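Student: For reference, the structure I am asking about is given below.
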Amino acid sequence: MIREALACMVLGAAFASAPAAALDLPHENAVPGGVIVMRLDSADAAMPYVDSEGHRALVIQDGRNWVAVIGIPLSAAPGSRQVVVRDAAGRREIEYAVTDKHYVTQTLKVAPGQVNLSAADLARVNGEKVRIEHDLSRWTDPPPESLRLPQPVPGPRSSSFGSRRVFNGESRNPHSGMDIAAPVGAPVRVPIAGTVIDTGEFFFNGNTVFVDHGRGLISMYCHLSAVDVQPGQRLSAGTRIGAVGMTGRATGPHLHWGLNLNRAWVDPELFLP
């Protein structure tokens with residue numbers, strides 16, 4: 001009995017002294033399109049509410065403490081920014097600094113007909129913007145099962161996130177995702193569990209799937225040749241959601257993979273294992 005008691009004491013001590021498992025957090029990079037990982041001075045049992053630019057930020061628990069993972073908009077100017085934290089202790093503001101990053105800009109001169117949309121196409125694109133904004137506004141409480149996401153499809157990755165094209169002196173929106181080159185028909189798999197928010201065929205993005213992973217983390221998969229899921233469907237990690245294609249405005253077969261965090265497009269490379 002004494003030996004058993006001593007063994008239990010030693011085993012208990014070993015568990016007590018073992019470090020807690022590290023959270024699967026993204027790589028931090030405080031630049032436009034990057035991510036801030038902010039440890040909150042709050043040990044409340046209830047999850048704090050963190051507001052970033054008027055949008056609720058992702059907060060996850062680390063032991064007895066809380067961590068906010070905040071997406072920085074691509075449009076953010078360098079300098080000081082802040083989030084608002086509300087918990088049992090009240091309201092407080094936390095500042096953080098955003099540093100500059102120079103993304104690639106490509107200036108092109110082309111025939112106006114190649115870049116100017118017809119009235120019908122412009123009306124369609126504007127309607128799709130409203131639909132996409134609605135998809136990205138979704139918030140569900142369960143946290144993502146991980147914040148390290150493997151590539152949805154094998155293949156060479158471009159470094160085009162944040163790049164901008166200027167056509168005939170008119171600047172276009174920056175590229176908001178990662179392009180992965182892969183053959184037409186290659187299966188695209190959801191990196192972590194989630195729920196399908198929306199699917200559809202869009203003017204620029206082609207066949208597209210939006211997946212909600214929880215607490216404001218939403219992924220987007222574009223230019224698909226096939227869509228194998230439907231809105232409301234619950235997905236486990238690794239589930240096939242479609243196949244690589246070149247639908248919409250695409251010059252070759254590839255997957256455009258976008259990650260949206262608290263309504264900001266962030267660099268998917270920061271979330272790779």
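The values are calculated or read from the model by the stated rules, or taken from the named source; none is laboratory data. It should be emphasised that the depicted structure is a prediction, and the values quoted were computed from it without experimental measurement. All accessible areas refer to the heavy atoms of the entire protein, side chains included, with ligands and DNA or RNA removed. Shrake-Rupley method; radii C 1.70, N 1.55, O 1.52, S 1.80 Å.
Student: For the chain, with a Gaussian network of springs between Cα atoms less than 10 Å apart, report the residue from 155, 238, 169 with the top mean-square fluctuation.
Tutor: Result: 169 has the largest fluctuation of those listed.
Student: Can you show me the helix-derived [θ] at 222 nm for the chain, built from DSSP H runs with n ≥ 4 at -39,500 (n - 2.57) apiece and divided by the number of residues, rounded to the nearest 500.
Tutor: For the chain, the value works out to -4000 deg cm²/dmol.
Student: Would you mind classifying segment 118-273 by shape? Square roots of the alpha carbon gyration tensor eigenvalues, ordered a ≥ b ≥ c; an a/c under 1.5 is rounded, otherwise it is prolate if a/b is larger than b/c and oblate if not.
Tutor: Rounded, since a/c falls under 1.5.
Student: Contact order normalised by length for segment 168-273, with contacts defined as Cα pairs under 8 Å and 6 or more residues apart; what percent is it? Each step should come with its number before you reach the end.
Tutor: On the way: 270 pairs, mean separation 36.2, N = 106.
Normalised by residue count, the contact order of segment 168-273 is 34 percent.
Student: Once each part is reduced to its C-alpha centroid, what is the distance from segment 164-193 to segment 124-140 in angstrom?
Tutor: 18 Å
Student: If the elastic network links every pair of Cα atoms under 10 Å, which of 115, 35, 104 fluctuates the most in the Gaussian network model of the chain?
Tutor: Top of the fluctuation ranking is 115.
Student: Between 195, 107, 99, find the one with the highest GNM mean-square fluctuation for the chain; connect C-alpha pairs within less than 10 Å.
Tutor: 107
Student: Still on this model: In degrees between 0 and 90, to the nearest 10, how far off the longest principal axis of the chain does helix 2-17 point, with axes built from Cα atoms?
Tutor: On a 0 to 90 degree scale, this one is about 40.
Student: Expressed as a rounded percentage, what relative contact order does the chain have, with Cα pairs under 8 Å and six or more residues apart?
Tutor: 19 percent
Student: Still on this structure: Would you kindly derive the ³J(HN,Hα) couplings of segment 68-80 from the backbone phi angles with the Karplus curve 6.51 cos²θ - 1.76 cosθ + 1.60 (θ = phi - 60°), listing them in order in whole Hz, with x for Gly and Pro?
Tutor: Result, ordered by residue: 9, 10, 10, x, 9, x, 4, 7, 5, 8, x, x, 7 Hz.
Student: In segment 120-273, what percent of the accessible surface is made up of carbon and sulfur (1.4 Å probe, ligands and nucleic acids excluded)?
Tutor: Of the solvent-accessible surface of segment 120-273, carbon and sulfur hold 52 percent.
Student: To the nearest 10 degrees, how steep is helix 119-136 against the longest Cα principal axis of the chain, on a 0 to 90 scale?
Tutor: The angle comes out near 0 degrees.
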